[in-house]
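The values are calculated or read from the model by the stated rules, or taken from the named source; none is laboratory data. Given the structure is predicted, the values throughout are model-derived calculations rather than measurements. Cβ placement follows ideal geometry from the backbone for every residue including glycine, while neighbour counts extend to all protein chains displayed.
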Amino acid sequence: MIVPKPKVGDFVIIALVLLSGILPWLTRSSHRAESFSIYVNGKKIAQIPAERDTVFSVNGALGKVVLEVKGGRIRVVRSNCPEKICIKTGYISSAGQSIACVPNRLIVVAEGKNSRGKYDAILH
Amino acid sequence: MTQSSIRKLAYFSALLAVALVIWIVEDFLPRPAPWMKYGFSYIAILLGMTALGKKYGIALGISRTVVGSIILGKLLSPAFILSICATLAATAVMALLLTGRGKFVSLIGISIAGAFTHLATQIFVAGILFYKIEYLLWLIPVSSLWSIIAGGVVAFITNAVEKTAIASTLQSKVGK
């Protein structure tokens, strides 16, 4: 038999892994982004409003990264990083979403009025 | 050095060689995201853990990451830091769960728990060192699905290898 005999613990582990996979979806806000913040090396270098379409570039660790804002969404158009993950991420439009380009130390974060969620704090 | 510890060292080296080859070849294979590998080198680590002992399994994980990163030229890079933290956490979790093997958990659970720990640790360490953690949380759902698939496959292969002559000689020669 190739398949090991499953035990109760296996199902508990699979359930826990699936559950922790669903949690971020539940807490995720579906608000539309109002602005996009651009961080390089952890420092915020720009904040761009979502409503105006524009194409601009910022200086990442490896050179120029070209970003495009279109119809309330933002994407990376050009980057000279090796794996182009930031470009493959495509457009992001909801508050809380992000595009990361590790080689360029760049992160783009979509922010909304309530990017932290519905509540400021919950007291028990 | 007793004969048994010399034997263990020899088997440890052989398993490390297997883990290294798989780890390095895997680095060139296409995958959903660069931080989401298949984790087949954990087959060798799990075999080492069951046949030689838990300490050896953890040592296999650390050695695989360090030596593999030297060969790939990634030593001390951000990817290496994420990888070594994740490997430490994953091997520790698997060693812990292995004590309950056969009683309340099988290789499937152990392997999936290890895979998810590896991916989740990477996300959290990246969140602490390089980004704000709340921007990376959306990576968790993908990781959870991927770890169930990859972890399951690793469990099946490890279980199949354990049934072969290689693993049984390993177990009988080393003797627990």
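The residue of the stretch A:1-21 that is modelled with the highest pLDDT, among those that are loosely packed, with under 13 Cβ neighbours inside 10 Å and within 7 Å of another protein chain (Cβ to nearest Cβ), is A:VAL8. Number of residues in the stretch B:1-50 that are more than 14 Å from chain A (Cβ to nearest Cβ) and of a type outside the set (Gly, Ala, Ser) equals 24.
For the stretch A:75-89, does any single residue satisfy the condition of being closer than 19 Å to B:PRO34 by Cβ, more than 11 Å from chain B (Cβ to nearest Cβ), in contact with a Gly (Cβ under 6 Å, 6 or more places away or on another chain) and of a type outside the set (Lys, Arg)? Looking for residues that are closer than 19 Å to B:PRO34 by Cβ, more than 11 Å from chain B (Cβ to nearest Cβ), in contact with a Gly (Cβ under 6 Å, 6 or more places away or on another chain) and of a type outside the set (Lys, Arg), one finds at least one in the stretch A:75-89, hence yes. Taking the stretch B:72-176 as the region of interest, the helices (runs of 4 or more DSSP H) fully inside it that hold 3 or more residues being in contact with a Pro (Cβ under 7 Å, 6 or more places away or on another chain) and closer than 26 Å to A:LEU23 by Cβ are B:139-162. I'd like to check something: does the stretch B:142-151 contain any residue that is more than 15 Å from the chain's Cα centre (by Cα), of a type outside the set (Lys, Arg), surrounded by fewer than 19 Cβ atoms within 10 Å (Cβ to Cβ) and facing another protein chain (nearest Cβ under 10 Å)? Yes, the stretch B:142-151 has at least one match.
Might you check whether a residue that is part of a strand (DSSP E or B) and of a type outside the set (A, V, I, L, M) occurs anywhere in the stretch A:12-23? Within the stretch A:12-23 (the criterion being part of a strand (DSSP E or B) and of a type outside the set (A, V, I, L, M)), the answer is no, since none of the residues qualifies.
Out of curiosity, is B:LEU60 without any contact (Cβ under 8 Å) to a residue 60 or more places away in the chain, part of a helix (DSSP H, G or I) and buried (at least 23 other Cβ atoms within 10 Å of the Cβ)? Judged against the criteria, B:LEU60 is a match. Within the set A:LEU67, A:LEU62, the sole residue that is away from chain B (no Cβ under 12 Å), surrounded by 17 or more Cβ atoms within 10 Å (Cβ to Cβ) and more than 30 Å from B:SER147 (Cβ to Cβ) turns out to be A:LEU67. Say we look at the stretch A:36-46 and pick out the residues that are in contact (Cβ under 8 Å) with a residue 24 or more places away in the chain and in contact with a strand residue (DSSP E or B) (Cβ under 6 Å, 6 or more places away or on another chain); which of these is surrounded by the most Cβ atoms within 10 Å (Cβ to Cβ)? Once the filter is applied, the top-ranked residue is A:PHE36. Looking only at the stretch B:144-151, decide whether some residue is aromatic (Phe, Trp, Tyr) and within 30 Å of A:LEU106 (Cα to Cα). Yes, the stretch B:144-151 contains at least one residue that is aromatic (Phe, Trp, Tyr) and within 30 Å of A:LEU106 (Cα to Cα). Does B:SER168 satisfy the criteria of being more than 8 Å from chain A (Cβ to nearest Cβ), small (Gly, Ala, Ser) and surrounded by fewer than 19 Cβ atoms within 10 Å (Cβ to Cβ)? Yes: the conditions hold for B:SER168.
Listed conditions (1) surrounded by fewer than 19 Cβ atoms within 10 Å (Cβ to Cβ); (2) touching a Leu at 6+ places or on another chain (Cβ under 9 Å); (3) under 25 Å from A:LYS5 (Cβ atoms) are all met by B:GLY102, apart from (2).
Listed by first and then second residue, the pairs linking a residue in the stretch B:96-120 that is within 8 Å of chain A (Cβ to nearest Cβ) to a residue that is hydroxyl-bearing (Ser, Thr, Tyr) and not in a strand (DSSP E or B), with Cβ atoms under 7 Å apart and 6 or more places separating them unless they lie on different chains, are B:LEU107/B:THR158; B:ILE112/B:SER147; B:PHE116/B:SER143; B:PHE116/B:SER144; B:PHE116/B:SER147; B:ALA120/B:SER143.
Of the residues A:ALA110, A:ALA15, A:ALA33, A:ALA95, the single one that is of a type in the set (A, V, I, L, M) and without any contact (Cβ under 8 Å) to a residue 24 or more places away in the chain is A:ALA15.
Which one of these is touching a Ser or Thr at 6+ places or on another chain (Cβ under 7 Å) and of a type in the set (Ser, Thr, Tyr): B:SER77, B:SER63, B:SER106, B:SER144? Unique residue meeting the criteria: B:SER144.
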